[in-house]
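Undergrad: This is the structure, below, for whatever I ask next.
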Amino acid sequence: MLTRVKSAVANFMGGIMAGSSGSEHSGGGCGGSDLPLRFPYGRPEFLGLSQDEVECSADHIARPILILKETRRLPWATGYAEVINAGKSTHNEDQASCEVLTVKKKAGAIASTPNRNSTKRRSSLPNGEGLQLKENAESEGVSCHYWSLFDGHAGSGAAVVASRLLQQHITEQLQDLVEILKNSAILPPTCLGDEPESTPASGRTLTRAASLRGGVGAPGSPSTPPARFFTEKKIPHECLVIGALESAFKEMDLQIERERSSYSISGGCTALIVICLLGKLYVANAGDSRAIIIRNGEIIPMSSEFTPESERQRLQYLAFMQPHLLGNEFTHLEFPRRVQRKELGKKMLYRDFNMTGWAYKTIEDDDLKFPLIYGEGKKARVMATIGVTRGLGDHDLKVHDSNIYIKPFLSSAPEVRVYDLSRYEHGADDVLILATDGLWDVLSNEEVAEAITQFLPNCDPDDPHRYTLAAQDLVMRARGVLKDRGWRISNDRLGSGDDISVYVIPLIHGNKLS
């Protein structure tokens, strides 16, 4: 046990130190090095790099910042920049993808809400530079823009796979919803294929007394409607899109789990994605990447980070309900510090899953076990191993030198936030920032907003490169300059030694969707 505690502390101090992109977690499992890669390692396709350029970008000393060569490769003149880590891992384990997705009704699918009125919907040009309105046609689908960032750990395999396949799962989940989403004036049917209710939404509910009576008419008479014992929930359209994204994340994680027996899919990854669908932005995040909107100088958070500290109560509750997951090596309780044997019988501060505050408890033998969650801030770890609690992959991740799997404590479920573009008239300097934690570890929301509001007004509004240059500026600010004491940023603070990937997405294109 002492050896494991020392190993756990070592892991706590350093986290998961990833090796090459083909490496696997400690503890091994399926997906060994003898298996082929699911997809070869590379940088985002939209960067258009040659293999030589990819190899040159992996310079941990110079750390060159990669930017878009052609702005037309991304929709909305989106800016993008990235830089490799300072030696933490062989490869840049961040991955990104951006596409224009066309969602068409699945062939042979049950007919959903019929489209009785001629409406217009948006479709994207192939290069994503503009938007036009097309008359509705039964054979057409719905177009949406898709941006994604994946931050890999313990190898780039899961991030590479997710960057290639998650958009396919999103498209599949949206296929049954195409006709429903195009009819925004009618509430979605409770059962797919049912006729929509033509009565106002308020007419869908009955009073409790009426529901218990089953409506008017004698029992069993033809005029008696079916008994309805509960009011019917009114589900807005955007909740269907949220559910589709949540289901897509789950299916992506399950696919990684299935395919790791046939392919080498190393490590795990966080996932931050955005889709623009029918005039709304849907931001889905699982992990510790972050999205913020900067609108007229105001900061609007569009995601939350999922870490051992932010999800403490969920993790503790799971361990309390299923103590076998702790392998008799960990305690689900939290203490301000490690409990020492000499403190048995004393009263010490502690926190359980049902508590946000602290209380005192008498220390027992079980409290001497290593805490499920240990450390603070960026050094907080689950089982002294991993610092993020949501994402994809990590199916073979175990506690060092043990047979205790950590995956049961990790979730693939994203948090989804919605932003209605049509509610605001956006200017050329209003943007959505997506970035991996390499940026946010050293720059606050306020510092990023200040950088953007200082940089963009000094650029030509008609310059298609202005948002890529803004992304490059943010990466430079976070990476810093290499000095005798390492990478340094403003005020001689330590710069980010992590991989950094940044999108700057202009929201002025949202004006064209209204």
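The values are calculated or read from the model by the stated rules, or taken from the named source; none is laboratory data. The shown structure was predicted, so the numbers you read here are calculated from the model rather than taken from an experiment. All Cβ positions, glycine included, derive from the backbone under ideal geometry; neighbour counts span all protein chains shown. Ligands, DNA and RNA are stripped out before the accessible areas are found, and what is left, the full protein with its side chains, is counted by its heavy atoms. Shrake-Rupley method; radii C 1.70, N 1.55, O 1.52, S 1.80 Å.
Undergrad: Does the stretch 320-332 contain any residue that is under 29 Å from the mean Cα position of the chain (by Cα), modelled with pLDDT under 95 and surrounded by fewer than 20 Cβ atoms within 10 Å (Cβ to Cβ)?
TA: no
Undergrad: Does ASP462 count as without any contact (Cβ under 8 Å) to a residue 12 or more places away in the chain and over 26 Å from HIS153 (Cβ atoms)?
TA: Numbers: without any contact (Cβ under 8 Å) to a residue 12 or more places away in the chain: yes; over 26 Å from HIS153 (Cβ atoms): yes.
Taking the combined requirement at face value, the residue satisfies it.
Undergrad: Could you check the stretch 342-384 and list, in sequence order, the residues that are free of Cβ contacts under 8 Å to residues at least 60 places away in the same chain and assigned to a helix (DSSP H, G or I)? Don't jump to the end; show me each part of the working.
TA: So the first thing to find is which residues in the stretch 342-384 are free of Cβ contacts under 8 Å to residues at least 60 places away in the same chain, and the list is 342-369, 371-372.
Those that are free of Cβ contacts under 8 Å to residues at least 60 places away in the same chain and assigned to a helix (DSSP H, G or I): LYS342, GLU343, ASP365, ASP366, ASP367, LEU368.
Undergrad: Please go through the stretch 458-491 and give me each residue that is surrounded by fewer than 12 Cβ atoms within 10 Å (Cβ to Cβ) and either modelled with pLDDT of 95 or more or of a type in the set (Phe, Trp, Tyr) (or both), ordered by number.
TA: VAL481, the sole residue that qualifies.
Undergrad: May I pose another question? Kindly evaluate LEU66 against the criterion of being modelled with pLDDT of 80 or more and open to solvent by less than 50 Å² (accessible area, probe 1.4 Å). Before you say what the answer is, go through the steps one by one.
TA: Details: modelled with pLDDT of 80 or more: yes; open to solvent by less than 50 Å² (accessible area, probe 1.4 Å): yes.
For LEU66, the condition - modelled with pLDDT of 80 or more and open to solvent by less than 50 Å² (accessible area, probe 1.4 Å) - is met.
Undergrad: Here's a follow-up. Please specify each residue of the stretch 286-301 satisfying the condition of being within 17 Å of the chain's Cα centre (by Cα), open to solvent by less than 10 Å² (accessible area, probe 1.4 Å) and within 15 Å of TYR503 (Cα to Cα).
TA: SER289, ALA291, ILE292, ILE293
Undergrad: Filter the stretch 410-437 down to the residues that are out of contact with any Phe, Trp or Tyr (no Cβ under 8 Å at 6 or more places or on another chain) and of a type in the set (A, V, I, L, M, F, W, C), then identify the one that is nearest to GLY268 (Cα to Cα).
TA: That would be LEU410.
Undergrad: In the list LEU133, LEU166, which residue meets the criterion of being modelled with pLDDT of 95 or more and either under 20 Å from ILE505 (Cβ atoms) or more than 23 Å from the chain's Cα centre (by Cα) (or both)?
TA: Details: LEU133 fails: modelled with pLDDT of 95 or more.
When all the criteria are applied, what remains is LEU166.
Undergrad: Looking at (1) among the hydroxyl-bearing types (Ser, Thr, Tyr); (2) open to solvent by 40 Å² or more (accessible area, probe 1.4 Å); (3) over 30 Å from ARG258 (Cβ atoms), can you tell me which one SER310 breaks?
TA: Condition (3) is where SER310 drops out.
Undergrad: For the condition surrounded by 14 or more Cβ atoms within 10 Å (Cβ to Cβ), among the hydrophobic types (A, V, I, L, M, F, W, C) and assigned to a loop (DSSP other than H, G, I, E, B), what is the one hit in VAL339, VAL283?
TA: On the way: VAL283 fails: assigned to a loop (DSSP other than H, G, I, E, B).
After applying the criteria, what remains is VAL339.
Undergrad: Just checking, how many residues over the stretch 286-321 are of a type in the set (A, V, I, L, M) and in a loop (DSSP other than H, G, I, E, B)? Walk me through how you get there before you give the answer.
TA: Step one: list which residues in the stretch 286-321 are of a type in the set (A, V, I, L, M), which gives 286, 291-294, 299-300, 302, 315, 318-319, 321.
Cutting the leftovers down to in a loop (DSSP other than H, G, I, E, B) gives us 302.
The total comes to 1.
Undergrad: Could you list all residues from the stretch 412-461 that are more than 25 Å from GLY377 (Cβ to Cβ) and in a loop (DSSP other than H, G, I, E, B)? Steps first, please.
TA: Residues of the stretch 412-461 that are more than 25 Å from GLY377 (Cβ to Cβ), as a first pass: 416, 418-432, 452-461.
Matches in the stretch 412-461: TYR424, GLU425, HIS426, GLY427, ALA428, ASP429, ASP430, CYS459, ASP460, PRO461.
Undergrad: Which of (1) of a type in the set (D, E, K, R); (2) in contact with a Ser or Thr (Cβ under 7 Å, 6 or more places away or on another chain); (3) over 18 Å from VAL274 (Cα atoms) does ARG466 not meet, given it meets every other one?
TA: Every condition holds for ARG466 apart from (2).
Undergrad: Kindly establish whether ARG479 is farther than 17 Å from THR436 by Cβ, in the same structural domain as ALA58 (by the TED database) and not hydroxyl-bearing (Ser, Thr, Tyr). Explain how you work it out, then say what you get.
TA: Details: farther than 17 Å from THR436 by Cβ: no; in the same structural domain as ALA58 (by the TED database): yes; not hydroxyl-bearing (Ser, Thr, Tyr): yes.
Against the criterion (farther than 17 Å from THR436 by Cβ, in the same structural domain as ALA58 (by the TED database) and not hydroxyl-bearing (Ser, Thr, Tyr)), ARG479 does not qualify.
Undergrad: Pick out the one residue from ASP401, ASP396 that is surrounded by fewer than 23 Cβ atoms within 10 Å (Cβ to Cβ) and in a loop (DSSP other than H, G, I, E, B). Steps first, answer last, please.
TA: Details: ASP396 fails: surrounded by fewer than 23 Cβ atoms within 10 Å (Cβ to Cβ).
ASP401 is the lone residue from the list that is surrounded by fewer than 23 Cβ atoms within 10 Å (Cβ to Cβ) and in a loop (DSSP other than H, G, I, E, B).
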